[in-house]
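The values are calculated or read from the model by the stated rules, or taken from the named source; none is laboratory data. Values in this document were obtained by computation on a predicted structure and should not be read as measured data. Virtual Cβ from ideal backbone geometry, glycine too; neighbours counted across all protein chains shown.
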Amino acid sequence: MGSYSVVLAPMGAILAADYTLVKHAKIDVPELYNKPHGIYRYSRGINWRSAVALVCAIGPNLPGMINAINPAINIGGAKYIYAIADIFGMVVGASVHVMLSYMFPDATSEIDYNLSAEEALLLRGATVPNDENTDEEKRFPEEVVRKVFGSSTMPERQSLSAASDDQGK
């Protein structure tokens, strides 16, 4: 079970550091699913900064993991790093990822807005009820539309129920 933490702890720390420290909690959710041309595509689908950080965090723990599997193999003091694999992996993985992201930023994935899935539907012209108790519809803020698209023109709106009826036909 300890070998899971060798990989999972750095992965979790890299994801958390990327979201909070690198992206500053600004994510374009629909772009996460835009595989061929999305802003989070990176180089052939791999963020090399994250991959390097993962290797740097996992590498020093491998001798300890080998020793845990076969105690007959003498690895010296490396078993002590493996004893704190979770903490070591999180600190090294997050630190290396943040450092590489600031040294070599990816300009295509740097955005200054946050776009949720609901907001993306609103941008595409759908309307959603503003509150369960009212008949008002939620509209997308015009200043964000200008920031994302460069103009304040909005597409023709239709309700979510009408949009789902059109898809069923």
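Observations, loosely collected:
- Count of region 29-71 residues which are surrounded by 13 or more Cβ atoms within 10 Å (Cβ to Cβ) and hydroxyl-bearing (Ser, Thr, Tyr): 3
- Only one of the numbered conditions (1) in contact with a Lys or Arg (Cβ under 7 Å, 6 or more places away or on another chain); (2) within 22 Å of residue 116 (Cβ to Cβ) is not met by residue 67, and that is (2).
- For residue 82, the requirement of being among the aromatic types (Phe, Trp, Tyr), closer than 24 Å to residue 13 by Cβ, in contact with a Gly (Cβ under 8 Å, 6 or more places away or on another chain) and modelled with pLDDT of 70 or more is met.
- Criterion applied to 62, 121, 100 was being among the aliphatic types (A, V, I, L, M), in contact with a helix residue (DSSP H, G or I) (Cβ under 9 Å, 6 or more places away or on another chain) and not assigned by TED's automatic domain parsing to the domain that holds residue 15, and the one residue passing it is 121.
- Helices (runs of 4 or more DSSP H) within region 1-103 that include 1 or more residues over 24 Å from residue 120 (Cα atoms): 2-17, 48-58, 62-69, 78-83, 85-103
- Residue that is modelled with the lowest pLDDT [pool: residues in region 119-148 that are part of a helix (DSSP H, G or I) and exposed (fewer than 14 other Cβ atoms within 10 Å of the Cβ)]: 147
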